[in-house]
Protein chains: 2
Amino acid sequence: MKLVLDYLRRHQARFVDELCEYVRFPSVSAQPQHRADMKACAGWLVKHCRQIGLSAQLCQTAGHPIVIAKTPRLAAPKSGEGGKPHFVVYGHYDVQPPEPFELWKSPPFKPRIVGRSLFARGASDNKGQNLAHLKAVEAYLKTGTPLPCDLTFVIEGEEEVGSTSLATFLKQHRDELLCDAVVVSDTGMPEKKLPALTYALRGIAALEITVHGPSRDLHSGIFGGSLDNPAMALSQLLAQLRDKNGRVNISGFYDDVQPLSAFERKQMARLPFNQREYQKFLGVPKLFGERGYTAIEQFSSRPTFEINGLTSGYQGEGSKTIIPAWARAKITMRLVPNQNPHKIIQAARRHLKKLCPPTVRLEIESGHGAEPYLVSPTSPQAKAAVRALKSAFGCEPVLIREGGSIPIVNQFKKILKADTLLVGLALPDDNAHSPNEKFDLDVFAKGQRMGVYLWRELSKG
Amino acid sequence: MKLVLDYLRRHQARFVDELCEYVRFPSVSAQPQHRADMKACAGWLVKHCRQIGLSAQLCQTAGHPIVIAKTPRLAAPKSGEGGKPHFVVYGHYDVQPPEPFELWKSPPFKPRIVGRSLFARGASDNKGQNLAHLKAVEAYLKTGTPLPCDLTFVIEGEEEVGSTSLATFLKQHRDELLCDAVVVSDTGMPEKKLPALTYALRGIAALEITVHGPSRDLHSGIFGGSLDNPAMALSQLLAQLRDKNGRVNISGFYDDVQPLSAFERKQMARLPFNQREYQKFLGVPKLFGERGYTAIEQFSSRPTFEINGLTSGYQGEGSKTIIPAWARAKITMRLVPNQNPHKIIQAARRHLKKLCPPTVRLEIESGHGAEPYLVSPTSPQAKAAVRALKSAFGCEPVLIREGGSIPIVNQFKKILKADTLLVGLALPDDNAHSPNEKFDLDVFAKGQRMGVYLWRELSKG
């Protein structure tokens, strides 16, 4: 083990250079103009996996390609057939759109290191976190240290757009991917010295609502007053969907929500949290959330209705006196165990249709959905992960629920019959999905060590 | 008179060519990138005025230049000093922004003639209408027919952005602009065979409302639920400003509104109007307006609150799971006699501040404002204009109120002490401020004839 950890220490500078290389690809899965960049990034990844001693290949899908990479083994491993245990390490090479560009202190795809922070889109979500696992395996392989398990890396390119192709991929490759557990570092940890195992995630359901009014933008002087304004109609629709107590006002929205247990609420109350600092960090004049819940509960364990974008009419400089032809809102709802995204989208559609006045035409487009996730935080595997985190970080990890969604964990359960261990390395100020995303280089190094310990602890099983 | 009218008839083809030349300038006053185009357009206008026999010059202002052009005269005319009467003809060479480009069937600044329609941004508002007056004067001058009055054309470049520089200009040139009346063709006529004198206009008051939330876009999974969403806060603010009866819900908004007289309502009821056709023309599923008023009353004589544009968060393809840092609405309110734009803006500011929750920060920027306008529809000058319209169009004109705003008419009254005669040539389907703006070439020709008759009728005094 010492040999492996020494290898990591000695090669940190190169690893950082490699992460810089990785984040230079503008692998924005949502934007068609980056299709070639997506391909180039996946190609780089395959090459890199091969360099560190994995057998890697690019798998084409209906969308962006998936990279699959395996540790060397004598025969195809089959779980439960007396061979070594087999774990899948999941990650994604696609990133969120970088917009708005003007808020970045340096270009999103030109990595910049300040102190121990590496700034770039994707640095934390998910290139840096996933690369830490590759580096841990590299250390085993390059030092000739036998791995106590077989590993398969699955690194996809559609996580930020709903992992559309992954389920098909998992089904097609089911035999070679059957495993004892899936390991994912794509969640957060509360502080630099407080590693975390995440045992629950929120799900998501996306909608795009367009309110159509007149057949084209109309002069607000000539026609204004005699027809409904689509931007006003949209505002009035949206306004009714969240009440003053922060509750989502869609019939049936809370029907299936599994209430937080007293044990869980107690655990959450123990997490470090300073309301004033949190408010300052967000930069808001006052916090706001569902009445009756703490902020930690609100952002990790309660469902939400968020407007992600509004578009209507004239947005340029100055003014344009029109009644816009249409108005659009991009919506995502975060869901908690036991809510079902399809059911929630249907409920939202029904509710919106009921609310829509006859003076405009409503168009609702359903977007991606993902179920929420909840596993036991005290299973043998969870305990093994906690031990690995403790060894790597040198302090006691916390058990947390997280507010984000990783659509794929439910697919792993359904298709591969495996639980997912979420050992995330993102700090709260990593600005994931925001301008000036960064990844902490100390956490990068500790994450690599966590990877090293993890395979030993998990293989004890 | 026959000579003059013959001249017009003989030169129609050239006049249409000249209008095409005029609308080719993308003279968008609101957009800084068109500053050079504005200058070029004004330069073309000066040259054109000189070609037809006027003494013309370009007057620099703090904003876009103003073109001033005069009929030849022996001495500087002074109103009331026994000389010929003096009239000012006002127009504007600036146009509305052409966006959204994709809805234009042909490029907005490449004129296209289909049947008797000339399609181009600015064709109707206001280049075509104003050029008709220039052509009428050209006919007098080029045939050597004595004009019964002196004329001064004032053609500005900031009408679409609130005529910011015109008041200062009028004050600076007050002596040479003092006149018996101002003539403006920048309003509408109900049908091709129904010319109109507009005796009232709505005013306008513009606002830009920005709701600020977190200091940057935030990950809706990591943080969502614990802070207010600025796009939701904006929607909830806007939603409260118009009720189900189409009434503007701002305290004091209707306080100064001068009610419609029974006579006026009777006049309006006589105007040709087919509700089903109107609805079809707008392309809306159902009309909507202030309860208790007809559609004509709603769009001509009642005040409104319109959202002209909405901007927030991610607007690109696909989805981006963020809580946007801010959300913005562009607003214009149409005002009717006796509302005051400054008072209304103050009322809106007060009301919005009262409604804004403490969880977001509200920023309100006041835009341009213009007072509503109302003059006697039965004065000797109004009667003269009605006679000119009748002679030119060959049918009985109607007296109408119009919903648009021409900010400058109140300035003419205040600074030049002159009433404004609004003899508009825009048809309801001219798509002013919309994609595929057009001007009817028959109306263009009749507008020129109206110009010819007008000076004779008005000078009878």
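The values are calculated or read from the model by the stated rules, or taken from the named source; none is laboratory data. These figures come from a predicted structure and were not determined experimentally. Please note: Cβ atoms are built from the backbone with ideal geometry, for glycine as well, and neighbour counts cover all protein chains shown. In case anyone asks, the SASA skips ligands and DNA or RNA and just uses the protein heavy atoms, side chains included. Shrake-Rupley method; radii C 1.70, N 1.55, O 1.52, S 1.80 Å.
With its label point put 7 Å out from Cα toward Cβ, residue A:39 sits 4.6 nm from the same residue's point in the other copies, in order from shortest. Taking both sides together, what accessible area is buried at the A/B interface, probe 1.4 Å, expressed in Å² and rounded to the nearest 100? For A against B, buried area totals roughly 7500 Å². Angle between the Cα long axis of helix A:35-51 and the longest principal axis of chain A, 0 to 90 degrees, nearest 10? Helix A:35-51 sits at roughly 10 degrees to that axis.
Each label was represented as a point 7 Å from its Cα along the Cα-to-Cβ direction; for residue B:1 and residue B:396 these points are 2.1 nm apart. Estimated from the Cβ-Cβ distance and a Förster radius of 25 angstrom, the FRET efficiency linking residue A:261 and residue A:429 is about 0.25. What separates the Cα centres of the range B:320-363 and the range A:433-455 is a distance of 44 Å. Helical content of chain B, expressed as a calculated mean residue ellipticity at 222 nm, amounts to -9500 deg cm²/dmol (DSSP H runs of 4 or more residues, -39,500 (n - 2.57) each, divided by residue number, nearest 500).
Projecting label points 7 angstrom from Cα along Cα→Cβ for residue B:413 and residue A:142 puts them 8.2 nm apart. Its convex hull of Cα atoms gives chain A a direction-averaged projected area, equal to a quarter of the hull surface, of 23.1 nm². Amide H contacts of residue B:186 (H built 1.01 Å from N, in plane; Pro and chain starts excluded): B:423, B:424, B:425 sit under 5 Å, all sequence-distant by 5 or more or on other chains. Backbone geometry of the range B:423-435 corresponds, through the Karplus equation with coefficients 6.51, -1.76 and 1.60 at θ = phi - 60°, to 3J(HN,Hα) couplings of 10, x, 10, 8, 8, x, 9, 6, 6, 4, 6, 10, x Hz, x marking Gly and Pro. Solvent-accessible surface of protein heavy atoms, probed at 1.4 angstrom with all chains present, puts B:9, B:202, B:276, A:116 in the order B:276, B:9, A:116, B:202, largest first.
Accessible surface comparison of B:244, B:460, probe 1.4 Å, protein chains only, largest first: the order is B:244, B:460. Tell me the angle of helix B:380-393 to the major Cα principal axis of chain B, expressed in degrees between 0 and 90 and rounded to the nearest ten. Its long axis makes an angle of about 80 degrees. What separates the Cα centres of the range A:44-60 and the range A:133-179 is a distance of 11 Å.
Position residue A:115: other-copy label points at 7.0 nm, ordered by increasing distance, label point 7 Å along Cα→C-beta. Which whole-number percent is the relative contact order of the range B:35-147 (Cα, under 8 Å, 6+ apart)? Over the range B:35-147, the number comes to 20 percent. Considering only alpha-carbon pairs that sit under 8 angstrom and 6 or more positions apart, the relative contact order computed for chain A is 26 percent. Loop exposure criterion: GluC sites (Glu not before Pro), DSSP state outside H, G, I, E and B, at most 14 other Cβ atoms within 10 Å. Applied to chain B, the longest stretch between such sites is B:82-316.
For the range B:118-132, putting each phi into the Karplus relation 6.51 cos²θ - 1.76 cosθ + 1.60 with θ = phi - 60° gives couplings of 10, 8, 4, 5, x, 4, 9, 10, 9, 4, x, 5, 6, 5, 4 Hz, in residue order, rounded to whole numbers and with x for Gly and Pro. Taking 0.36 nm per residue of separation and subtracting the current Cα-Cα distance, fully stretching the chain between residue B:287 and residue B:192 would add 31.8 nm.
Simple spin-label estimate for residue A:273 and residue B:9 gives 8.6 nm between the two label positions (7 Å along the Cα-to-Cβ direction from each Cα).
Note the angle between two axes, namely the Cα long axis of helix A:12-23 and the longest principal axis of the Cα atoms of chain A, as a number of degrees from 0 to 90, rounded to the nearest 10. Once rounded, the angle reads 30 degrees. Summarising the overall dimensions of the range A:11-163 from its C-alpha atoms, the Rg and Dmax are 16.3, 56 angstrom. Only Cα pairs under 8 Å and 6+ residues apart enter the sum, and on that basis the relative contact order of the range B:275-328 stands at 21 percent.
Ignoring lysines fewer than eight residues from residue A:354 along the same chain, the ones with Cα atoms less than 17 angstrom from its Cα are A:343, B:244, B:286. Applying 1/(1 + (r/R0)^6) with r as the Cβ-Cβ distance of residue A:365 and residue A:17 and R0 = 35 angstrom yields a FRET efficiency of 0.25.
Which distances, in nm and shortest first, link the residue B:270 label point to the same label point in every other copy, taking 7 Å along Cα→Cβ? Reported distances to equivalent positions: 8.6 nm.
Expressed in units of 2.2 N^0.38 Å, where N is the residue count, the Cα radius of gyration of the range B:312-433 is 1.57.
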